[in-house]
Amino acid sequence: MQNADELRVAVKALRERAGFSIRGIADLMGMSASGYSHYEQRIKEPYLPMKFAVPFAEALEARGIQRDEVFALAQPAGSVLSLEEDLPPFRDLDQGEPGKSTLVPVYDVHASAGGGAVNHEEPEVYSLAFPPAYLKRLTSSSPGNLAIISVKGESMEPTLLDDDIVLLDASKTNLSYDGLFVLRFDDALHVKRVGRAPKKGHVTIISDNKDLYPPMLMSSDEIEAVGKVLWYGRKV
């Protein structure tokens with residue numbers, strides 16, 4: 001297994017083989033140059049997080065470098081779960097080249113659909129593989145903006161159940177539009193619907209289980225939008 005020093009050298013070597021400058025590849029990946037430089041100069045872990053590895057691999061692939069070379073530097077073997085064989089609707093889509101998939105990181109984080117769960121750490125535990133064509137139907141955002149977390153509680157029933165997982169787009173944080181969002185307020189993460197409010201500078205926080213959880217009017221200054229929910233998965 002590589003160490004952090006070897007990882008930094010390998011990342012730099014891949015970029016240089018592809019003929020990219022730091023700013024050039026950072027722009028292509030939707031990152032700042034300093035944010036990208038972390039992975040060549042300062043990263044302390046012995047492998048790349050998938051939220052970096054996926055857009056990095058996509059950028060390099062256009063210059064002839066195989067994705068496998070990047071993913072060999074990413075999560076330890078056996079950490080990737082694939083949905084392609086388990087979700088029949090995906091197989092009906094044109095996925096381009098066989099075997100290609102986009103990896104979305106799954107974080108050990110719970111967003112409350114109930115009383116509120118406090119989250120202090122957000123470790124990445126594994127990744128889910130999605131067909132690129134399916135993701136494009138969900139969002140035009142870069143894969144680096146996507147993440148998957150789990151849902152706890154009953155306030156969003158019947159739409160979301162306890163232990164469901166949700167795919168969120170961290171680039172979509174404008175609460176001027178109605179929708180289902182992951183929000184941070186009261187020192188916790190919550191999955192809620194956001195609706196317009198009669199009072200300026202406020203939004204209506206809506207739970208689908210309205211009998212037990214009535215709507216709340218909250219100031220926009222009290223809420224941080226983490227991302228918009230695009231998709232959910234459920235155990236059977």
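The values are calculated or read from the model by the stated rules, or taken from the named source; none is laboratory data. Keep in mind the model is a prediction, meaning the values are calculated, not measured. Every residue, glycine as well, gets a Cβ built from its backbone with ideal geometry; the counts of neighbours run over all protein chains shown.
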Inset, instruction - Could you tell me which numbered condition Lys192 fails, if it satisfies all but one of (1) of a type outside the set (Val, Ile, Thr); (2) in contact with a helix residue (DSSP H, G or I) (Cβ under 9 Å, 6 or more places away or on another chain); (3) within 18 Å of Ser155 (Cα to Cα)? - result: (2)
Legend entry - Search result, residues across segment 155-178 that are polar (S, T, N, Q) and closer than 16 Å to His110 by Cβ: Ser155
Inset, instruction - Could you give me the residue pairs with C-beta distances under 9 Å whose first residue belongs to segment 17-32 and is closer than 12 Å to Ala57 by Cα, whose second residue is crowded, with 17+ Cβ neighbours inside 10 Å and charged (D, E, K, R) wherever it lies, and which are 6+ apart or on separate chains? - result: Ile25/Arg15; Leu28/Glu58; Met29/Glu58
Legend entry - Conditions (1) on the phi < 0 side of the Ramachandran plot; (2) touching a residue at least 24 places away in the same chain (Cβ under 8 Å); (3) surrounded by fewer than 17 Cβ atoms within 10 Å (Cβ to Cβ); number of the one not met by Val151: (3)
Legend entry - Residue selected from segment 169-178 under the condition under 11 Å from the mean Cα position of the chain (by Cα) and either at pLDDT below 90 or in a loop (DSSP other than H, G, I, E, B) (or both), by the criterion farthest from Lys51 (Cα to Cα): Ser171
Legend entry - Within segment 46-61, tally of residues that are in a loop (DSSP other than H, G, I, E, B) and modelled with pLDDT under 85: 1
Inset, instruction - Please find, among Lys200, Lys228, Lys136, the residue that is closer than 30 Å to Tyr36 by Cα and not in a strand (DSSP E or B). - result: Lys136
Inset, instruction - Using the structure shown, decide if Ala13 is without any contact (Cβ under 8 Å) to a residue 60 or more places away in the chain, assigned to a helix (DSSP H, G or I) and under 18 Å from Ser141 (Cβ atoms). - result: no
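Working carefully through the options Gly195, Gly233, find the one that is within 19 Å of Ser150 (Cα to Cα) and at pLDDT below 90.
After ruling out the rest, the residue left standing is Gly233.
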Inset, instruction - Output the residues belonging to segment 203-219 that are assigned to a loop (DSSP other than H, G, I, E, B) and either surrounded by 12 or more Cβ atoms within 10 Å (Cβ to Cβ) or polar (S, T, N, Q) (or both). - result: Ser207, Asp208, Asn209, Tyr213, Pro215
Inset, instruction - Could you tell me whether segment 98-105 includes any residue that is in a loop (DSSP other than H, G, I, E, B), among the small types (Gly, Ala, Ser) and either in contact with an Asp or Glu (Cβ under 8 Å, 6 or more places away or on another chain) or modelled with pLDDT of 80 or more (or both)? - result: yes
